[in-house]
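Below is one structure, written out as structure tokens; comments come after it.
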Amino acid sequence: FTALLLSLSLSDLLTMLSVVLGIIFVLLKVVQFYQERKKLIKALEAFPGPPKHWLYGHNHLITSDTMLNQIVSWGEEYPYAFPRWFGPVLPSLIIHHPEYAKSILGRTDGKPNVPYKFLVPWIGQGLLILNGTKWFQHRKLLTPAFHYDVLKSYVDLMSDSVKVMLVRITTPATFTFHNSDYYIRAVYDLSYLVSNRVQTFSFKDIFYDLTRKGHEFQNACKLAHTHTDKVIKERKMLLSSEKELGKIQKKRHLDFLDILLCTKDANGVGLSDEDLRAEVDTFMFEGHDTTASGISWLLYCLSLYPEYQQRCREEIQGILGDRDTIEWEDLGKMTYTTMCIKESLRLFPPVPAVSRCLSKSVTFSDGRSLPVGLNIFAIHRNRDVWEDPEVYDPLRFSPENSAQRHSHAFLPFSAGSRNCIGQQFAMNEMKVALALTLLRFKLCPDPSKPPRLLPQLILRSSNGIHLHLRKIH
């Protein structure tokens, strides 16, 4: 053996050494993976759950059409939380009780878990994905964009946008294709592809990128980024004019993109181009797709309950009188309408689940501990928390009923320090959209096309949400 080594050249020896070190590295990784998995399986023993397949985990028991109802059903059988396996090696603890939710929300440690880490090529390291010090920095920089007085300035714009939408709905000839429609299509495709990737447990980028769906994902990312880059470029060009920059800086409150471009931290440093794009991508996605889902399900709920719909309409008519435009002061007066919106968000939360891989395991109120995920949809339909949870009842959110409820029973915008930074913006948008729609139309369901729940990143219907709109004269 010594003679063999002496006969080898230096390059041969280096190659052999590299191979040996590579094998040792792989073996160490295998041992590390085995030890971590063994530890995880041991921890999961504290949480009974549905039987799993050795290869598929629970994926073979769940389809996109049955997923949410299956999670709720398992939740009734396994209280508080149960393990959900994505294939043979990746589990997530599904939390479906507010007491457990309270234990984890508000923590900012950890990193994005499946499916959120799959969003990074699309939305980058923005507020949704970030953690630690950088998350705190970005949250602090972005909070002024959602200040009370900034939100006031958007009400007129929301009102005008809804009016345009209602005209387009009632006048098919006005439906034209806009550049932004490419972006909307891209967002829909990306949401589907990320959700599909979780279901098929295609977790390694190096393999996924070579597949047909991987190529579709990359192409959709390019379309979304093209739209985002265009928005940023146009605003930067506007700000490059000293006259326009002066106008913007004189505004009492800047809008979201102004703040991103102009804000500086304590050291006078602004967002890098990479951070800027990530935040714009994040809010372009979170700011329109979630609210679109919320408004759609809200209109559907009220179409099913004409008595609740009429009571909302009468409340809005009483507030507006002869006006057909919403003002800031009107929003706080819509008490019954707000209850209807919240009940719709309970039954159909736009974001049905959130997930993070915490850097430290959490210990729950009953002493059990494990890294976790959170299923908002299941919490909102937990029979231990909500009486007749499948029934749409706006009075659940009357002041007296809300006062008696667990603080973490209703989580459409999550809770704690990582809650949705734009939740008040979203609520305002839903109020404006509903108010102006009910002033003009009576909503009726289409019994021939009931919606089929489709849980992707955003809660959708696989066959759309079909309503009949009848003009009110």
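So the values come out like this:
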| read-out | value |
| --- | --- |
| Amide H partners (placed H, <5 Å) of residue 57, local residues excluded | 87 |
| Charge sum, other residues only, whose C-beta stays under 12 Å from residue 226's C-beta, Lys/Arg counted +1 and Asp/Glu -1 | +2 |
| Contact order relative to length of the chain, as percent, for alpha carbon pairs under 8 angstrom and 6 or more apart | 23 percent |
| Unsatisfied cross-links (Cα-Cα over 24 Å) in the set 117/431; 117/342; 29/117 | 117/431; 117/342 |
| Total charge dipole magnitude, the chain, about the Cα centre, Cβ charges on Lys, Arg, Asp, Glu only, Debye to nearest 20 | 560 debye |
| Euclidean distance between Cα centres, region 56-108 to region 363-430, Å | 16 Å |
| Span-rule helices in the chain, defined as complete DSSP H runs reaching 24 Å or more along the axis (Cα) with Kyte mean at least 1.0 | 10-44 |
| Proximal charge balance of residue 57 [Cβ under 14 Å; K/R count +1, D/E count -1] | +3 |
| Residue-wise HN-Hα coupling along region 441-454, computed from phi with Karplus coefficients 6.51, -1.76, 1.60 (Hz; x: Gly, Pro) | 9, 9, 9, 10, x, 9, x, 7, 9, x, x, 10, 4, 10 |
| Violating pairs (Cα-Cα greater than 19 angstrom) within the set 163/471; 134/230; 236/264; 163/333; 152/333 | 134/230; 163/333 |
| For the chain, calculated [θ]222 nm from helices alone, where every DSSP H run of n ≥ 4 adds -39500 (n - 2.57) | -17500 deg cm²/dmol |
| Residue-by-residue Karplus 3J(HN,Hα) for region 458-473, coefficients 6.51, -1.76, 1.60, Hz, glycine and proline x | 10, 6, 10, 10, 5, 10, x, 10, 9, 10, 9, 10, 10, 4, 9, 8 |
| Packing-based ranking, highest mean first, of 425-431, 403-409 given that Cβ atoms within 10 Å are counted | 425-431, 403-409 |
| Cα-projected label distance for residue 78 with residue 272, points at 7 Å along beta-carbon direction, nm | 4.1 nm |
| Reference-scaled alpha-carbon Rg (2.2 N^0.38 Å with N residues) for the chain | 1.11 |
| Mean separation of Cα contacts under 8 Å, 6 or more apart, over the residue count of region 1-103: relative contact order % | 21 percent |
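Rule-based calculations on the coordinates, nothing more; no lab input. Every value quoted in this text rests on a predicted model; they were computed, and no experiment measured them. We place every Cβ from the backbone using ideal geometry, glycine too, and count neighbours over all the protein chains shown.
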